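Colleague: I have a structure here, written as structure tokens, and I will follow up with some questions on it.
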Amino acid sequence: MQNTQIRTDEEFFVDPQRCIGCRACEMACAECETNGQTSMIHVDYVDRAVSPQTSVQVCMHCEDPACARVCPADAITKDEFGIVHTANTARCISCANCVLACPFGVPKKIETTQIMMKCNMCYDRTSAGKRPMCATVCPSGALWFGKREKMAQMRPHSTPVNTFFFGAQTVRTKVNIMMPAGSTALRVD
Amino acid sequence: MFTTLNLRALGVAAIATLALTGAILVGSRNLQNFDGALIAYLFGAVFAWFGLVYRYDVWLQRPPTRLYWKRGWQFFFSGRMFGHGWALVRRGFEDMAAQRFIRKRGGLRWAGHMLIAWGCVIAFAVTFPLTFGWIHFTLAQGTIDTYEAHVFGFRLFSFPLNSFIAANIFHVLNWSSVMIIVGLGLMMRRRLTDAGQIAIQTFEGDILPLILLAAIAVTGLGLTWDYEFMQGRAHQFMAITHAIVVILFLLWMPFGKFFHIFQRPAQLGVAIYRREGAMGPQAVCPHTQEAFASQLHIDDLKATTRELGYNFTLEDGSSHLQLSPQGKRAALAKAHLAARRRSGSLFG
């Protein structure tokens, strides 16, 4: 965290509709050294009984992260680059407030070690100017990390959106979700 | 600076400091048993106490912390005191004394942390009472080879000078220093070789505490080394260096990484909270149709998030927080699919 080479001109883009459920991202995520070989990404069947639809979820790195605000131990912090870091292992008291408060359902509680863990955008890689592991292996483009202009060329009929409505709550994030062209937000309710 | 001063915490810390000062006066029998050579350590310790209470009170004022603090005590005295008390004793041993959860994070990491933690606990148990004048030693009357230990001015026990017990009493801080140095070696190895840690650690947050503890332990051992093997020739240097690093440690304790020593017992309050939650109704996710948390936790979280300025109330009056993490991810995926469908194309 001392000498970061984070590429501020590159962003994370997620398109859940492109997820094919191959779980390559899960395998890659477990390679991230900050996670201790535990995968932080979520790949789910949305409703397996009626649809083969899968979805992929990374931490969206909220501008005002609910996980950090509800943490009673001040264990979760957001840095100057907007990365919301995983819980500080010395402080986390494994109460699971963050797990239950995150509107995207991202943090994981590891019961055995009594710690909350979450995606920190592969800080070991991104702080060295590299792309997150999941984005390097995704074969379908559901996860992509790079320049906004390049994304616009690749997906001319989509718009990156980073505003979400969860009922009455507006959440803005560092990570973008790819929406139909012209969209300004995604309403989840 | 004064705009961020927390007046309530200031008041609580001032009262706690006065209480400690009173306890030092009473415990040392009006400073009769106080060792004047430790005056700098005394001021450092009193300031550390002030800072710790101040920060602790500020911490307790945060809505989620306040809620757990309130709920923890409320449940403890709710009529299930025996059951909760036993759970606390068990968890206190497992989590605080044996630190089993750290063992599951790694064997060497656990060994290093145990050595540092217990080395510090032993050192604290010896040095603070000595500094406050609560413990002192005298030569037994009419003898030249028997020491008496006094606690709060009361004679506790006596022991011969050339005995096993005397050697251990006089060298207990050396043993704790050795424990801390070995533990620091293990932890520093992790800090220098674990690529994940290297990426996220900071000098002031993770390396400096290890250096500070090492400086205290090494200069502490140096004091013994000096009088045992150097005829006291370096005493002044050793004593002053040791005092400087210890006082730095004391002044920094409320603000840096060492605050987790005082924060960590909150884990026991969480254990009571979870125990109580497990006995009551469980929250069932409308998406997965499975219980995923206690309803108590979800209801408290709704109140806490509201207090923090969030409003996750949905159009139908329910709350987004009533969904399990998996349910929330599914809700997002469904909303995204619906938006794509409305646009007439699933991809773009």
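The values are calculated or read from the model by the stated rules, or taken from the named source; none is laboratory data. From a predicted model like this one, the values you see are computed outputs, not experimental measurements. Cβ atoms come from the backbone with ideal geometry, glycine included; neighbour counts cover every protein chain shown. Areas reflect the complete protein model, heavy atoms only, side chains present, ligands, DNA and RNA absent. Shrake-Rupley method; radii C 1.70, N 1.55, O 1.52, S 1.80 Å.
Colleague: Quick one: which helices (runs of 4 or more DSSP H) sit completely within the range B:255-346 and have at least 2 residues that are of a type in the set (Asp, Glu) and surrounded by fewer than 18 Cβ atoms within 10 Å (Cβ to Cβ)? Before you say what the answer is, go through the steps one by one.
Modeller: Details: elements: B:260-263, B:266-279, B:295-307, B:325-343.
Correct list: B:295-307.
Colleague: When you check residue B:161 against the structure, is it in the same structural domain as residue B:143 (by TED's automatic domain parsing) and open to solvent by 50 Å² or more (accessible area, probe 1.4 Å), yes or no?
Modeller: yes
Colleague: Identify, please: which residue in the range A:12-38 is in a helix (DSSP H, G or I) and away from every other protein chain (no Cβ under 12 Å) and is, among those, surrounded by the fewest Cβ atoms within 10 Å (Cβ to Cβ)?
Modeller: Looking at the filtered set, the residue picked out is A:27.
Colleague: Residue by residue through the range A:87-109, note down the ones that are more than 7 Å from chain B (Cβ to nearest Cβ) and of a type in the set (D, E, K, R).
Modeller: Answer for the range A:87-109, where residues must be more than 7 Å from chain B (Cβ to nearest Cβ) and of a type in the set (D, E, K, R): A:108, A:109.
Colleague: Let me ask something else. When you scan the range A:172-189, how many residues do you find that are open to solvent by 10 Å² or more (accessible area, probe 1.4 Å) and more than 9 Å from every other protein chain (Cβ to nearest Cβ)?
Modeller: Qualifying residue count, the range A:172-189: 4.
Colleague: Sticking with this one: What is the one condition in (1) more than 19 Å from residue A:188 (Cβ to Cβ); (2) away from chain B (no Cβ under 12 Å); (3) at pLDDT 95 or above that residue A:81 does not satisfy?
Modeller: (3)
Colleague: Just wondering, is there one or more residues in the range A:48-59 that are away from chain B (no Cβ under 11 Å), under 30 Å from residue B:344 (Cα atoms), in contact with a Leu (Cβ under 7 Å, 6 or more places away or on another chain) and open to solvent by 10 Å² or more (accessible area, probe 1.4 Å)?
Modeller: No, the range A:48-59 has no match at all.
Colleague: Scan the range A:153-171 and give yes if some residue there is on the phi > 0 side of the Ramachandran plot and away from chain B (no Cβ under 11 Å), otherwise no.
Modeller: No, because not a single residue in the range A:153-171 is on the phi > 0 side of the Ramachandran plot and away from chain B (no Cβ under 11 Å).
Colleague: Picking from B:91, B:109, B:66, which residue would you name as being charged (D, E, K, R) and surrounded by fewer than 16 Cβ atoms within 10 Å (Cβ to Cβ)? Show your work before the answer.
Modeller: On the way: B:91 fails: surrounded by fewer than 16 Cβ atoms within 10 Å (Cβ to Cβ); B:109 fails: surrounded by fewer than 16 Cβ atoms within 10 Å (Cβ to Cβ).
Exactly one residue qualifies, and that residue is B:66.
Colleague: Something else: Before we move on, is residue B:131 within 13 Å of chain A (Cβ to nearest Cβ) and buried (at least 16 other Cβ atoms within 10 Å of the Cβ)?
Modeller: Answer is no for this residue.
Colleague: A further question follows. Could you list, in sequence order, the residues of the range A:171-189 that are in contact (Cβ under 8 Å) with a residue 40 or more places away in the chain and within 14 Å of residue A:13 (Cβ to Cβ)?
Modeller: If the condition is that a residue be in contact (Cβ under 8 Å) with a residue 40 or more places away in the chain and within 14 Å of residue A:13 (Cβ to Cβ), then A:173, A:174, A:175, A:176, A:177, A:178 are the ones that fit.
Colleague: Can I ask one more? Taking the residues in the range B:113-150 that are hydrophobic (A, V, I, L, M, F, W, C) and in a strand (DSSP E or B) as candidates, determine which candidate is farthest from residue B:28 (Cα to Cα).
Modeller: In this case the residue turns out to be B:139.
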